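Asker: The structure under discussion is supplied below as structure tokens; questions concerning it will follow.
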Amino acid sequence: MSAATTRSRTPDRLCAEAVDLARAAAEEAAAPGVVGEHTGLTSEGDRVVTHFFECKELGYRGWRWAVTVARASRAKIVTLDEVVLLPGPDALLAPEWVPWSERLRPGDMGPGDLLPTDAEDLRLEPGFSGEDEPAPNAAVSHDMAELVEAEDAEVTAGVPANLPFAPTRGSISAVAEELGMRRARVLSRYGLHSAADRWEETYGPKSAMAQAAPASCVSCGFLTAIGGSLGQAFGVCANEFSPADGRVVSLSYGCGGHSEAAVMPKPPRPAPPVIDETKVDHFPLRPSPDSGSVSVTAADESSAELGHS
């Protein structure tokens with residue numbers, strides 16, 4: 001540890017003894033009788049000390065006046081630096097403000113509620129960018145075409161009638177097994193209609209949420225398409241704040257969490273500040289007596305629990 005660091009942590013003797021100067025400065029900035037006892041001091045650096053005084057003003061429970069004094073190098077006169085009212089460790093403070101986007105939880109949205117989405121929501125992306133390329137395993141991709149040609153070349157030459165056994169590559173069961181769809185039974189037309197009726201009754205256009213929705217799911221960016229014939233009328237909702245999150249919804253269903261119902265614009269960028277160094281702005285350290293919610297003439301201690309304005 002250097003010598004400068006050791007000195008900065010040790011309060012300057014003359015600054016530490018300037019309690020009367022600090023109290024006079026606090027009483028000048030505050031009202032008479034609201035500056036209490038001297039509660040301690042702390043060293044802010046070389047020859048810079050902050051004195052703390054109890055605040056007796058109603059509504060400021062746990063606050064304290066902080067008066068910073070300083071002394072120039074090799075000088076014997078202590079000067080005033082600043083006076084400010086600061087909250088102490090046990091001060092009565094307002095709860096920390098939380099944006100609405102962080103307070104919102106899944107299930108909070110009801111019929112008629114509208115949930116705007118950010119213009120740069122990370123959960124959404126442009127649907128028609130024109131730069132989409134086929135997947136590597138797509139039938140139209142260049143790699144897949146070369147793979148098909150290589151696999152066809154491995155087939156034994158000759159017609160199937162001259163082969164000792166029928167090739168399994170072109171059979172229906174082989175293709176179904178490769179696609180993971182080799183099942184003994186599948187849904188019938190009656191089973192498809194029954195499932196569609198159940199889903200549309202719960203998350204369909206006749207529900208209360210859909211009746212108050214600004215738009216339907218068919219144009220929502222949070223809708224995930226499903227395959228098969230049911231994909232023509234249904235999809236899966238992927239909005240965590242929607243009441244249908246993770247559920248199969250009708251394309252005509254809707255809720256207030258629609259991605260394009262209300263898009264919040266980008267916040268405007270403020271202009272750079274203009275600083276006029278030729279003038280001095282006077283700000284009162286103490287507000288007007290009639291500007292707060294707590295009367296200065298209140299004599300009961302119970303009003304102090306209401307907090308400061």
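Asker: Rank Ser216, Ser252 by accessible area, highest first, at a 1.4 Å probe radius?
Answerer: Largest accessible area first, the residues go Ser252, Ser216.
Asker: Per residue, how large is the accessible surface of the range 13-87? Use a 1.4 angstrom probe and give square angstrom.
Answerer: 54 Å²
Asker: Sticking with this one: Ignoring ligands and nucleic acids, what accessible area does Ile226 show with a 1.4 Å probe (Å², nearest 10)?
Answerer: 50 Å²
Asker: When the Debye formula is applied to the Cα atoms of the range 202-246, each taken as the same point scatterer, what base-10 log of I(q)/I(0) results at q = 0.18, 0.21 Å⁻¹?
Answerer: Each listed q corresponds, in turn, to -0.53, -0.73.
Asker: If I take all pairs of Cα atoms in the range 13-87, what percentage of them are more than 19 Å from each other?
Answerer: 29 percent
Asker: Points 7 angstrom from Cα along the Cβ direction at Glu17 and Asp46: gap in nanometres?
Answerer: Result: 2.2 nm between the two label points.
Asker: Between Ala233 and Val274, what is the label-to-label distance in nm when each label sits 7 Å out along the Cα-to-Cβ direction?
Answerer: Each label point lies 7 Å from its Cα, and together they span 6.5 nm.
Asker: Compare Arg74, Arg61, Arg198 by solvent-accessible area with a 1.4 Å probe and give them largest first, with all protein chains kept in place. Numbers along the way, then the final one.
Answerer: Numbers: Arg74 235, Arg61 110, Arg198 135 Å².
The ranking, largest first, comes out as Arg74, Arg198, Arg61.
Asker: How far apart, in nm, are two points set 7 Å out from the Cα along the Cα-to-Cβ line at Arg189 and at Lys56?
Answerer: Computed distance between label sites Arg189 and Lys56 equals 9.2 nm.
Asker: Then there is this: How big is the charge dipole of the range 13-87 about its Cα centre, in debye rounded to the nearest 20, if each Lys and Arg gets +1 on its Cβ and each Asp and Glu gets -1 on its Cβ?
Answerer: 220 debye
Asker: Additional query: If you count only protein heavy atoms and use a 1.4 Å probe, how large is the accessible surface of Val263, to the nearest 10 Å²?
Answerer: Estimated to the nearest 10 Å², Val263 gives 70 Å².
Asker: Suppose all protein chains stay in the model; what accessible area per residue would a 1.4 Å probe give for the range 189-273, in Å²?
Answerer: Dividing the accessible area of the range 189-273 by its residue count gives 60 Å².
Asker: If you rank Glu277, Glu37, Glu54 by how much accessible surface each has, with a 1.4 Å probe, what is the order from largest down?
Answerer: Details: Glu277 165, Glu37 120, Glu54 80 Å².
Greatest to least solvent exposure: Glu277, Glu37, Glu54.
Asker: Accessible area of Lys266, 1.4 Å probe, to the nearest 10 Å²?
Answerer: We get 130 Å² for Lys266.
The values are calculated or read from the model by the stated rules, or taken from the named source; none is laboratory data. All figures in this text were calculated on a predicted structure; none of them were measured in a lab. Cβ sites come from the backbone with ideal geometry, for glycine too, and all protein chains shown count toward neighbours. Just so you know, the surface numbers come from the protein's heavy atoms only, side chains and all, with ligands and any DNA or RNA stripped out. Shrake-Rupley method; radii C 1.70, N 1.55, O 1.52, S 1.80 Å.
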